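Colleague: Input: one structure, supplied below.
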Amino acid sequence: MKNIYLDNAATTPILPEIIDTISTTMATVYGNPSSTHQIGRKARALVETARKNIAKYFNASANEIVFTAGGSEADNLILRNAVVNLGVTTIISSKIEHHAVLHTIENLVKEFDIVVKWVDLNEKGEINYTHLEELLQKDTSKKMVSLMYINNEIGNILNLKLVSDLCLQNKALFHSDTVQGVGHFKIDIQKTPIDFFVASAHKFHGPKGVGFAYIKKGYGIFPILHGGEQERGARAGTENVHSILGMEKALQIAYTNLDKEVIYLQNLKNYFVKELKSNFQGIEFNGASEDEFKSSYIILNVRFPKEYAMLLFNLDMKGIAVSGGSACQSGSHKGSHVLHTILSKNDALKTSVRFSFSKLNTKEEIDYVIKNLKEILK
């Protein structure tokens, strides 16, 4: 039995080069970056060099990068800081954000009684930018827009430049959960001003448990973790040196080969769409995931014509790893909040599967998936 991994939106396999970087660092750089002796200074120098190199990919300054344990922590840090430290009383978001954003907003409402406004979505889960503009214009409070760049379940791409312009025109802060974008799309905060965005290394073939928050210079940080002055007081705790260097290496590899990999993966996704349409009647695609101009090239969310209760299990038995929604909901029986939000009641009852790709996938693997889908669904 083959092992076909098509759940790269959940996490990506770590690359050998990155394992080598992490292993070497663990073996040779054991100092605490906060220590003043030369062993500690060596660790500090490597962490700060990594910070500087990571910032360059986004045309940012090194002191605008705060290392975290991943995207969820970074989202929490930014949203809580906006309310506690920056005086935000209104957050404008959508109901199909990642739970790292939605659950944080829910808790901020309970704790600080802030106002939340939900922007309208169409049946494909696309943001109604006209409604967003209306929400911004009608609200004179201190406000923040929090909208994700790439939806982790349906792959929809947010028009970052348009939202950034609307926020600037209406004096609103702009936060974007860019976990599915960093390492896969180019982000230049000089061309597209974003006040806050986040990243998680394991989404672009790096190690799990490390990421960063981009926080525009001038916005002070109120930490959510206390106990030390690491990360210039923004996050207590000894820096995860080997993982930070692994993330730096993963980002370097991702952006060095990005243009070539975009073409390869978009062609792979298009081939899969063509094969699905050719072999199965009634196949539909959730969100804008079929549209290569409106959707990430690594995510395809497929809706089958009826409910197949055991489809994910049967695919797993054939060695094919896919997802029915966000991996962060594993163990939950509630299903995808994204699909329940944008689909009709009847369509939401049908079986949907998220296939997500990486440069390690091949056309032969797609053929294997199609072959097994035909056997399972017949």
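Colleague: How many residues does region 128-163 hold that are surrounded by fewer than 24 Cβ atoms within 10 Å (Cβ to Cβ), touching a residue at least 40 places away in the same chain (Cβ under 8 Å) and assigned to a loop (DSSP other than H, G, I, E, B)?
Modeller: Qualifying residue count for the region: 4.
Colleague: A follow-up question, please. Restricting attention to region 93-103, does a residue exist that is over 29 Å from Phe185 (Cα atoms), within 22 Å of the chain's Cα centre (by Cα), free of Cβ contacts under 8 Å to residues at least 24 places away in the same chain and open to solvent by 10 Å² or more (accessible area, probe 1.4 Å)?
Modeller: The answer is no; no qualifying residue exists.
Colleague: Among the numbered conditions (1) open to solvent by less than 20 Å² (accessible area, probe 1.4 Å); (2) closer than 28 Å to Asn85 by Cβ, tell me where Gly125 comes up short.
Modeller: (2)
Colleague: Among the residues of region 67-88, is there at least one that is at positive phi and touching a residue at least 24 places away in the same chain (Cβ under 8 Å)?
Modeller: Yes - at least one qualifying residue is present in region 67-88.
Colleague: Please go through region 254-299 and pick out each residue that is open to solvent by 30 Å² or more (accessible area, probe 1.4 Å), more than 19 Å from the chain's Cα centre (by Cα) and closer than 30 Å to Glu17 by Cα.
Modeller: Of everything in region 254-299, those that are open to solvent by 30 Å² or more (accessible area, probe 1.4 Å), more than 19 Å from the chain's Cα centre (by Cα) and closer than 30 Å to Glu17 by Cα turn out to be Thr256, Asn257, Asp259, Lys260, Ile263, Tyr264, Asn267, Asn270, Tyr271.
Colleague: Show the residue pairs that are 6+ apart or on different chains and have beta-carbon atoms under 9 Å apart, the first residue being within region 1-15 and free of Cβ contacts under 8 Å to residues at least 60 places away in the same chain, the second being open to solvent by 20 Å² or more (accessible area, probe 1.4 Å) and of a type in the set (S, T, N, Q).
Modeller: none
Colleague: Considering only region 348-369, state which residues are open to solvent by 10 Å² or more (accessible area, probe 1.4 Å), in contact with a Phe, Trp or Tyr (Cβ under 8 Å, 6 or more places away or on another chain) and in a helix (DSSP H, G or I).
Modeller: Result: Lys363, single match.
Colleague: Here's a follow-up. Tell me, yes or no, whether region 127-140 has at least one residue that is at pLDDT below 95, of a type in the set (S, T, N, Q) and farther than 22 Å from Leu300 by Cα.
Modeller: yes
Colleague: To continue, here is another question. Criterion first (more than 30 Å from Phe285 (Cβ to Cβ) and either hydroxyl-bearing (Ser, Thr, Tyr) or in a helix (DSSP H, G or I) (or both)) does Ala100 satisfy it?
Modeller: no
Colleague: Also: Return the only residue of Lys203, Lys208 being assigned to a helix (DSSP H, G or I) and either at pLDDT 95 or above or on the phi > 0 side of the Ramachandran plot (or both).
Modeller: Working: Lys208 fails: assigned to a helix (DSSP H, G or I).
Among Lys203, Lys208, only Lys203 is assigned to a helix (DSSP H, G or I) and either at pLDDT 95 or above or on the phi > 0 side of the Ramachandran plot (or both).
Colleague: Kindly list, by first and then second residue, each pair from a residue in region 243-256 that is of a type in the set (Ser, Thr, Tyr) to a residue that is part of a helix (DSSP H, G or I) and at pLDDT 95 or above, limited to pairs with Cβ atoms under 8 Å and residues at least 6 apart or on different chains.
Modeller: Here the result reads Ser243/Ile22; Ser243/Ala201, each pair linking region 243-256 to a residue that is part of a helix (DSSP H, G or I) and at pLDDT 95 or above.
Colleague: Separate question: How many residues are outside any helix (DSSP H, G or I) and open to solvent by less than 20 Å² (accessible area, probe 1.4 Å) if we restrict to region 11-28? Give the derivation first.
Modeller: Pass one, region 11-28, residues outside any helix (DSSP H, G or I): 11-15.
Right, trim to open to solvent by less than 20 Å² (accessible area, probe 1.4 Å) and you get 12, 15.
So the count comes out to 2.
Colleague: Do the conditions hold for Ile54, that is, is it assigned to a helix (DSSP H, G or I), modelled with pLDDT of 95 or more and within 22 Å of Thr256 (Cβ to Cβ)?
Modeller: Judged against the criteria, Ile54 is a match.
Colleague: I want to confirm something. Restricting to region 310-342 and keeping residues that are modelled with pLDDT of 70 or more and more than 25 Å from Ile370 (Cα to Cα), which single residue is nearest to the chain's Cα centre (by Cα)? Outline the logic, then answer.
Modeller: Of all residues in region 310-342, those modelled with pLDDT of 70 or more come to 310-324, 335-342.
Among the residues that remain, those that are also more than 25 Å from Ile370 (Cα to Cα) are: 337-338, 340-342.
On the way: His337: 16, Val338: 15, His340: 20, Thr341: 19, Ile342: 20 Å.
Across region 310-342, the extreme among qualifying residues is Val338.
Colleague: Quick one: is Lys117 open to solvent by 30 Å² or more (accessible area, probe 1.4 Å), within 22 Å of Thr178 (Cα to Cα) and part of a loop (DSSP other than H, G, I, E, B)?
Modeller: Considered against the rule, which asks whether it is open to solvent by 30 Å² or more (accessible area, probe 1.4 Å), within 22 Å of Thr178 (Cα to Cα) and part of a loop (DSSP other than H, G, I, E, B), Lys117 comes out as no.
Colleague: Would you confirm, using the coordinates I've provided, whether Leu166 is touching an Asp or Glu at 6+ places or on another chain (Cβ under 7 Å) and either outside any helix (DSSP H, G or I) or open to solvent by less than 20 Å² (accessible area, probe 1.4 Å) (or both)?
Modeller: On the way: touching an Asp or Glu at 6+ places or on another chain (Cβ under 7 Å): yes; either outside any helix (DSSP H, G or I) or open to solvent by less than 20 Å² (accessible area, probe 1.4 Å) (or both): yes.
Criteria met by Leu166.
The values are calculated or read from the model by the stated rules, or taken from the named source; none is laboratory data. Owing to the predicted nature of the structure, the values given are computational and were not obtained by experimental measurement. A quick note on method: Cβ atoms are made from the backbone with ideal geometry, for glycine too, and the neighbour counts reach across all protein chains shown. The accessibility values were calculated without ligands, DNA or RNA, using every heavy atom of the protein model including side chains. Shrake-Rupley method; radii C 1.70, N 1.55, O 1.52, S 1.80 Å.
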